[in-house]
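The next block holds one structure in the form of structure tokens; read it before the comments.
The values are calculated or read from the model by the stated rules, or taken from the named source; none is laboratory data. Computed from a predicted model, the values in this text were never measured in an experiment. Cβ: placed from backbone, ideal geometry, glycine included. Neighbour counts: every protein chain shown. These area figures cover heavy atoms from the full protein model, side chains too; ligands, DNA and RNA do not enter into them. Shrake-Rupley method; radii C 1.70, N 1.55, O 1.52, S 1.80 Å.
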Amino acid sequence: MPEKFDPSRFEGNGPFPNSYVPFGGGPRMYPGKEYAHMEILVFMHNVVKRFKWEKLLPDEKIIVNPMPIPAKGLPVRLFPHIV
């Protein structure tokens with residue numbers, strides 16, 4: 001770990017082949033990554049299909065630091081679909 005900040009180390013095309021990138025690509029990739037991704041997709045599909053969503057704070061601000069995120073965490077109320 002470097003002792004001082006050196007922004008030049010971030011220049012370039014990313015990590016060298018076969019370098020250590022936790023949960024990233026290469027020979028040490030997390031073996032359950034694809035399964036976990038599929039489980040999340042199935043869960044989200046079921047939530048979207050079975051519930052209606054209502055934002056509790058309709059005028060909630062968005063904070064960008066560095067990614068845009070809702071200021072209060074985007075609280076929602078879920079109502080089951082009546083079929």
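Calculated FRET efficiency, Met67 and Leu41, Cβ-Cβ r, R0 25 Å, to nearest 0.05? Spell out each step's value before the answer.
On the way: r = 21 Å, r/R0 = 0.84.
The formula returns an efficiency of 0.75 here.
Enter the accessible area of Arg77 (Å², nearest 10), with the probe set to 1.4 Å and all protein chains included.
Surface accessible to solvent at Arg77 totals approximately 110 Å².
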